[in-house]
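Asks: Have a look at this one before I ask anything.
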Amino acid sequence: MSVTYQGRGKLGSVLDRRVDPRGRTYYWINSNLINEANADGSDFSAIQGGRDSVTPLHINLTDRDSQNNLKEVLN
């Protein structure tokens, strides 16, 4: 098991047409990996090496500059 960082990937524009067990058609978007896929320490590298990958994540997409500007304008 490896503690890793989130590798970078790029979604491709290739759609795979598939059929689920109930016979319904659906489409799967394939992922094309950029060069970092083999970078040491990435989740991609661990998985490609046959190891489990554990990547702690934190997501906060707030644009602090815009938030502060809006506060000034609206107050």
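Asks: Can you tell me which residue is modelled with the highest pLDDT among those in the range 30-75 that are assigned to a loop (DSSP other than H, G, I, E, B) and small (Gly, Ala, Ser)?
Replies: Within the range 30-75, the subset assigned to a loop (DSSP other than H, G, I, E, B) is 34, 39-41, 49-52, 55-63, 75.
Retained after the next criterion (residues that are small (Gly, Ala, Ser)): 39, 41, 49-50.
On the way: Ala39: 78, Gly41: 91, Gly49: 91, Gly50: 94.
Across the range 30-75, the extreme among qualifying residues is Gly50.
Asks: Same structure again: Quick check on my filter: what residues within the range 1-29 are in contact with a strand residue (DSSP E or B) (Cβ under 7 Å, 6 or more places away or on another chain) and at pLDDT below 75?
Replies: First, the residues of the range 1-29 that are in contact with a strand residue (DSSP E or B) (Cβ under 7 Å, 6 or more places away or on another chain): 1-5, 7, 9-12, 14-20, 25-29.
Those that are in contact with a strand residue (DSSP E or B) (Cβ under 7 Å, 6 or more places away or on another chain) and at pLDDT below 75: Gly9, Lys10, Leu11, Gly12.
Asks: May I ask you to list pairs of residues, at least six apart or on different chains, whose Cβ atoms are under 8 Å apart, with the first in the range 48-75 being more than 11 Å from Ser2 (Cα to Cα) and the second being not basic (Lys, Arg)?
Replies: Listed pairs, sorted by first residue: Gln48/Ala37; Gln48/Asn38; Pro56/Val3; Leu57/Gln6.
The values are calculated or read from the model by the stated rules, or taken from the named source; none is laboratory data. Keep in mind the model is a prediction, meaning the values are calculated, not measured. In this analysis, Cβ positions are derived from the backbone assuming ideal geometry, glycine residues included, and neighbour counts consider all displayed protein chains.
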